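**Q** Here's a structure for you.
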Amino acid sequence: MTERMDPRGLEALRAAAEHGQEFYAGLDERHVGVTASYDELKRRFAEALSDRGHDPVQVVEELVQGADGGILGSGGGRFFGWVIGGTVPAALAADWLVSAWDQVGAIYATSPVSAVLEEIAAGWLRELLDIPAGASCAMVTGCQMAHFTALAAARTRLLGARGIDVQKQGLAGAPPIRVLTGAHRHESLLRAIRFLGIGTDHVEILPLGPDGGIELSALEAALDSSDRPTIVSLIAGDLNTGRRDPFGPVCDLAHARGAWVHVDGAFGLWIKASPALRHHLDGCERADSWATDGHKWLNVPYDVGYAFVRDAEAHRRAMTMRASYFIDADGAGRDPMDWNPEWSRRPRGIVTWAALRSLGRDGVANIVESCCRLADRLVQEIGALDGAEVVAPAGMNQGLVRFLDPAPTPDHDGYTDRVIDALQAEGTAWFGGATWNGQRVMRISVSNHRTTDEDVDRTVDAVRRALRLRTP
Ligand SMILES: *Cc1c(COP(=O)(O)O)cnc(C)c1O
């Protein structure tokens, strides 16, 4: 340690590590929801920016005290809202080191270890997720940016096939690209399409068949209705019901017509990591690009997502960048900037490597399988309670229930929202609501390695109590 290192600075690091451990260990016994109001949180931090700084230990302590009640327990075992994973210990620990090392993951020269671990982890991910060995990979902030990255490659190749270099010429003068997708698409897909200048007017939403996937006859008719450059975007697990598209038949139809097939596998693609369940995604490996997350089902800390592209050259052309002050990896090592939309960036291969190294194939499969089994238990057992019903049985790790208003003129939608509010306030477990097929529902999503059978028991009890309280 040099003299320049303020001992209070080191003490602040130690304090933060201790608070972090305490929080992580106690996560399953605290109130899962938020208990401090916006006004209260603002009040705690409302001081004016001071002229003189403050002692780093004091800053850490102020932060920890001020944050109390304002941290959603989304990393714990009884959080079932949205689709939010927890974090496995090795990945959390690696994330702390990533911050301490403060590496820039832009090019090999700015962080050789980050570039190497990204390369190795990408290879492991391709194996686990059944993605072709030659596909390229970008490690981005999440599935949103994975869509953006993969579809930038799609745009490059589809317009390149029409003699247009979109990197130079842009979209002006190019035939408009269209996107065919199902009604169950995630909004992040449409947002990526906005960012890429494709425009949401050029998205055609196709009807879904009885299995909850795109109706093939509608897709075929749409494909044949125009020879515009076309992206077909499929889903490997929609966030309400876990349903997925018929990948193989869609790839047959789309590829025969030169269309690009993209897969939104934010959480669902991880089903491929389970030998027992991967048949649900048969044919998914035939797509042209895949977007998925590390921070959901792999259980690494936020923010980690992955884009994979079969046509690695189109991907590289869409993203690569060179400047005179770079130091070229020149084949010895991989420059993430060739594949990523960011310039300076947090290295994301390090936490990915740590999670995969600590879990192994079996560990990842166990997380996926146990989440699916526990989601099924939650949907069945909550749905069987007096005053509840199953709206959609668990597909993979997602399912839907709703609650039935016992009033003489029942308002099931309002009642369902009130039960969700009561559960959030009570704090044993946390669920969110949504509107699905025109009715209010409670979403059940299990994406955390920490969730156990005991968590399911405690949660079902909490829902039973909430229903009793609300029944006259
Ligand atoms: C969460 C999610 C996304 C967006 O992913 P981010 O990691 O939040 O960017 C996209 N698609 C689906 C199906 C999702 O569940």
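The values are calculated or read from the model by the stated rules, or taken from the named source; none is laboratory data. Since the structure is predicted, the reported quantities are computational estimates derived from the model, not experimental observations. Cβ placement follows ideal geometry from the backbone for every residue including glycine, while neighbour counts extend to all protein chains displayed. Areas reflect the complete protein model, heavy atoms only, side chains present, ligands, DNA and RNA absent. Shrake-Rupley method; radii C 1.70, N 1.55, O 1.52, S 1.80 Å.
**Q** For region 1-62 and region 177-192, what is the centre-to-centre distance using only Cα atoms, to the nearest Å?
**A** 40 Å
**Q** Follow-up question, since we're still on this one. Suppose the chain between residue 38 and residue 14 were pulled fully straight at 0.36 nm per residue; how much longer would it get relative to their current alpha carbon spacing?
**A** Working: separation 24, 0.36 × 24 = 8.64 nm, distance 2.94 nm.
Fully extending the segment from residue 38 to residue 14 adds 5.7 nm.
**Q** Taking the alpha-carbon centroid of each part, what is the distance from region 412-437 to region 321-397 in angstrom?
**A** Here the two parts' Cα centres lie 27 Å apart.
**Q** Can you compute the helix-only [θ] at 222 nm over the chain? Use -39500 (n - 2.57) per DSSP H run of at least 4 residues, normalise by all residues, nearest 500 deg cm²/dmol. Let's see the in-between values first.
**A** Details: 14 runs with 196 residues, N = 472.
After summing the helix terms and dividing by residue count, I get -13500 deg cm²/dmol.
**Q** Defining a contact as two alpha carbons under 8 Å apart and six or more residues distant in sequence, what relative contact order in percent does region 1-112 show?
**A** On the way: 63 pairs, mean separation 31.8, N = 112.
RCO, region 1-112: 28 percent.
**Q** Heavy atoms only, probe 1.4 Å: what % of the accessible area of region 67-125 goes to carbon and sulfur, would you let me know? Kindly include the intermediate steps, with their values, before the conclusion.
**A** Working: 1440 of 2190 Å².
Of the solvent-accessible surface of region 67-125, carbon and sulfur hold 66 percent.
**Q** Below 8 Å between Cα atoms, with a sequence gap of 6+, how large is the relative contact order for region 363-472 in percent? Don't skip to the answer; put the middle values down first.
**A** Numbers: 178 pairs, mean separation 30.8, N = 110.
Once divided by the residue count of region 363-472, the mean separation gives 28 percent.
**Q** Rounded, prolate or oblate: which fits region 208-289 when a ≥ b ≥ c are the square roots of the eigenvalues of the alpha-carbon gyration tensor, with rounded for a/c under 1.5 and prolate only if a/b beats b/c?
**A** prolate
**Q** Please compute the Kirkwood hydrodynamic radius of region 200-347 from all pairs of different C-alpha atoms, in Å with one decimal.
**A** Working: mean 1/r = 0.0579 Å⁻¹.
This gives a value of 17.3 Å.
**Q** Could you tell me which residue out of 355, 336, 96 lies farthest along the dipole of the chain toward its positive end? Charges go on the beta carbon: Lys and Arg +1, Asp and Glu -1, centred on the Cα centre.
**A** Toward the positive end, the furthest listed residue is 336.
**Q** Given H placed 1.01 Å from N in the peptide plane, which residues other than close sequence neighbours of residue 232 have an amide H under 5 Å from its amide H?
**A** Those qualifying (amide H under 5 Å, at least 5 residues apart or on another chain) are 180, 260, 261, 262.
**Q** Using only Cα atoms, figure out Rg for region 349-439 and give it as a multiple of 2.2 N^0.38 Å. Could you put the intermediate results ahead of the total?
**A** On the way: Rg = 17.2 Å, N = 91, 2.2 N^0.38 = 12.2 Å.
So the Cα radius of gyration is 1.41 times the expected 2.2 N^0.38 Å.
**Q** For region 4-59, state which GluC sites (Glu not before Pro) are in a DSSP loop and have at most 12 other beta carbons lying within 10 Å of their beta carbon. Walk me through the intermediate numbers first.
**A** Numbers: sites: 11, 18, 22, 29, 40, 47; in loops: 47.
Hits after loop and neighbour filter: 47.
**Q** Dividing the alpha-carbon Rg of region 1-148 by 2.2 N^0.38 Å yields what? Could the numbers behind the result be given before it?
**A** Details: Rg = 19.6 Å, N = 148, 2.2 N^0.38 = 14.7 Å.
That ratio works out to 1.33.
**Q** To continue, here is another question. Restricting attention to the alpha-carbon atoms of the chain, what are Rg (one decimal) and Dmax (integer), both in Å?
**A** 23.9, 76
**Q** Follow-up question, since we're still on this one. For region 318-362, what does the accessible surface come to per residue with a 1.4 Å probe? Please give it in Å². Mind showing how you got there, number by number?
**A** Values: 2300 Å² over 45 residues.
Using a 1.4 Å probe on heavy atoms only, each residue of region 318-362 averages 51 Å².
**Q** Follow-up. If eta is 1.306 mPa s and T is 10 °C, what Stokes-Einstein diffusion coefficient results for region 389-462, Kirkwood Rh from Cα pairs, in µm²/s? Don't skip to the answer; put the middle values down first.
**A** On the way: Rh = 13.1 Å.
Diffusion coefficient, whole number: 121 µm²/s.
**Q** Give, rounded to the nearest 20 debye, the magnitude of the charge dipole that region 327-472 has about its Cα centre when Lys and Arg contribute +1 at Cβ and Asp and Glu contribute -1 at Cβ. Display every interim value, and only then the final one.
**A** Details: 18 positive and 22 negative charges, 35 e Å.
Dipole size: approximately 160 debye.
**Q** Determine the relative contact order of region 332-428: mean sequence separation of Cα pairs under 8 Å and six or more apart, normalised by residue count, in whole percent. Each step should come with its number before you reach the end.
**A** Numbers: 77 pairs, mean separation 14.0, N = 97.
The normalised contact order for region 332-428 reaches 14 percent.
**Q** Length gain on complete extension for the stretch residue 201 to residue 437, per 0.36 nm per residue less the alpha carbon to alpha carbon distance?
**A** Values: separation 236, 0.36 × 236 = 84.96 nm, distance 2.32 nm.
Contour length minus Cα-Cα distance gives 82.6 nm.
**Q** Roll a 1.4 Å probe over the protein chains and send me the accessible area per residue for region 210-272 in Å². Write out the running numbers ahead of the final one.
**A** Details: 1920 Å² over 63 residues.
Result: 30 Å² of accessible area for each residue.
**Q** List the equivalent ellipsoid semi-axes of region 126-236 in whole Å, largest first, each obtained as the square root of 5λ for an eigenvalue λ of the Cα gyration tensor.
**A** On the way: eigenvalues 96, 83, 38 Å².
Computed over region 126-236, the values are 22, 20, 14 Å.
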